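Below is one structure, written out as structure tokens; comments come after it.
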Amino acid sequence: MLFFIPREPDARERRVAATPETVGRLVEHEHAVAVEAGAGTEAAFTDEAFTAAGAQIVAAAAWDEADAVLTVGPIGPEIIEQLKTGCAAIGLLDPYSHQEEVKLLAKRGITSLALELVPRITRAQTMDALSSQASIAGYKAVLLAASRLGRYFPLLMTAAGTVPPSKVVIIGAGVAGLQAIATAKRLGAVVEVSDIRPAVKEQVQSLGGRYIEAPEAEAAEDEGGYAKEMGEDFLARQRELLARHIAAADVVITTAQVPGRPAPRIVSREMIEGMKPGSVVIDLAASSGGNCELTRADEEVNHDGVLILGPPNLAATMAHDASTLYARNILALVEHILDEGKLAIDAADDVQSGALLTHGGEIVNPSMRQLILGEAAAENQGSAGD
Ligand code: NAD
């Protein structure tokens with residue numbers, strides 16, 4: 001098979017979907033790998049290193065020749081039109097926000113797999129790109145806050161007097177939030193944490209964070225271990241509980257998400273107005289609507305001296321390690337599907353069927369079929385394809 005690794009079509013995406021290490025593995029499996037010239041430059045992987053690993057560097061994108069294309073981000077319609085029918089496209093394809101592209105991938109007969117749809121089960125941990133990238137975002141969010149805050153994070157006793165430690169409030173203790181707790185603690189801050197899933201409390205405490213009790217709720221967690229979307233009444237009680245913690249905070253990092261839904265609105269304008277000037281808020285949920293009322297995705301907002309940042313893609317700011325881990329995730333998925341040198345989809349395998357977005361001319365992922373085709377149309381398309 002010929003694998004193609006492009007320079008990411010989004011010019012701000014600094015990560016790359018393969019590294020010399022993972023190219024070497026594909027070559028060991030006797031596949032050919034074409035890497036677009038400069039694909040790894042922003043992530044500090046040179047063309048020479050890819051060549052040494054066995055790749056062929058191509059000056060122009062080889063979308064139309066590849067049997068499989070590996071990407072970091074989604075691919076647009078003009079690229080999908082170029083792909084060979086029957087070829088595989090694998091990446092963080094962001095299907096919820098790219099529904100037209102999903103339809104086109106099906107229409108063009110592309111086998112597409114979205115890494116964000118890989119089930120979060122132990123067997124698929126090596127393929128869990130959401131976790132590898134979220135962990136980087138959590139780490140980078142703390143460093144970003146520390147670099148913009150006019151205060152020390154740790155307690156310092158100096159000849160000129162004692163400096164108290166900064167107080168960091170972290171909202172949402174999933175993968176990004178837990179890494180943010182660990183990083184803020186290493187820098188010496190006092191860390192307080194809010195989440196709504198009961199299982200989180202112990203994890204927060206084991207990292208040295210103080211857990212802020214959540215309002216009572218019948219069930220805040222679904223069967224998959226994810227947070228449920230909570231009603232406005234719950235969120236209002238949560239804001240009330242959090243207000244005094246946020247008023248005392250120097251830094252607030254918000255990471256609260258509910259899969260497939262807009263991010264819950266947790267930090268209100270009044271809460272921001274209650275914070276000290278010079279405080280910093282980093283909203284990692286900015287691209288799904290933001291946890292803070294005043295966040296504007298990809299912009300800096302200064303509200304009465306409180307800085308609110310909504311960086312859209314922090315993982316890309318640490319492109320070398322982000323690419324190293326992402327490339328291993330995508331290779332693990334490819335190796336899971338490869339059978340006698342071909343990508344052979346096994347619909348009975350829950351990892352493959354979970355990640356599979358389009359195949360054989362159809363949208364096959366159940367929740368995407370439901371979303372894009374609607375229930376009746378999805379059933380019709382299903383029976384037409386049987
Ligand atoms: P996420 O990005 O979907 O959400 C981040 C956090 O926001 C979650 O902890 C969630 O509970 C929290 N949240 C939602 N609404 C909130 C609110 N109103 N207030 C405060 N917090 C709120 O989560 P994620 O990082 O992708 O991880 C979610 C779950 O998946 C966790 O249980 C995690 O342990 C699990 N997980 C399992 C595996 C595995 O088994 N392979 C791998 C990774 C993650």
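Taken together, the values in this text are just the output of simple stated rules run on the coordinates, not laboratory data. Please read these numbers as outputs of a predicted model, since none were measured by experiment. Cβ sites come from the backbone with ideal geometry, for glycine too, and all protein chains shown count toward neighbours.
Here are a few things to note about the model shown:
- Residues in the stretch 265-308 reached by a label modelled at Ala236 [backbone nitrogen below 15 Å; 7 Å Cα→Cβ]: 265-266, 268
- Using R0 = 30 Å, the C-beta based FRET efficiency linking Ala49 and Asp346 works out to 0.35.
- Karplus 3J(HN,Hα) series, Hz, for the stretch 136-148 with 6.51 cos²θ - 1.76 cosθ + 1.60 (x for Gly, Pro): 5, 4, x, 5, 5, 4, 5, 5, 5, 4, 4, 6, 9
- Förster radius 35 Å - calculated FRET efficiency between Asp298 and Glu65, Cβ distance, rounded to 0.05: 0.50
- Taking the charge dipole of the stretch 136-312 about its Cα centre, with +1 at Lys and Arg Cβ atoms and -1 at Asp and Glu Cβ atoms, the residue from Ala263, Gly161, Ala236 reaching farthest to the positive side is Gly161.
- Segment Arg120-Asp222, length gained on full extension (0.36 nm per residue, minus Cα span): 35.4 nm
- Mean separation of Cα pairs under 8 Å and 6 or more residues apart, divided by the residue count, gives the chain a relative contact order of 17 percent.
- Sites matching GluC sites (Glu not before Pro) across the stretch 286-372 that sit in DSSP coil, with at most 10 neighbouring C-beta atoms within 10 Å: Glu340
- Computed as a quarter of the hull surface, the mean projected area of the alpha carbon convex hull for the stretch 56-143 stands at 7.7 nm².
- Helix-derived mean residue ellipticity, 222 nm - over the chain, DSSP H n ≥ 4, -39500 (n - 2.57), to 500: -10500 deg cm²/dmol
- Quotient of Cα Rg and 2.2 N^0.38 Å for the stretch 266-386, N being how many residues it contains: 1.59
- Charged-residue dipole, Cβ positions (Lys, Arg, Asp, Glu), the chain about Cα centre, Debye nearest 20: 1460
- Measure of compaction for the chain (Cα Rg per 2.2 N^0.38 Å): 1.06
- Helix 175-186 and the longest principal axis of the C-alpha atoms of the chain enclose an angle of approximately 50°.
- Computed on the Cα trace of the stretch 136-312, the radius of gyration divided by the Kirkwood hydrodynamic radius gives Rg/Rh = 0.95.
- With the simple model of a label 7 Å out from the Cα in the direction of the Cβ, Ile57 to Glu30 spans 2.9 nm.
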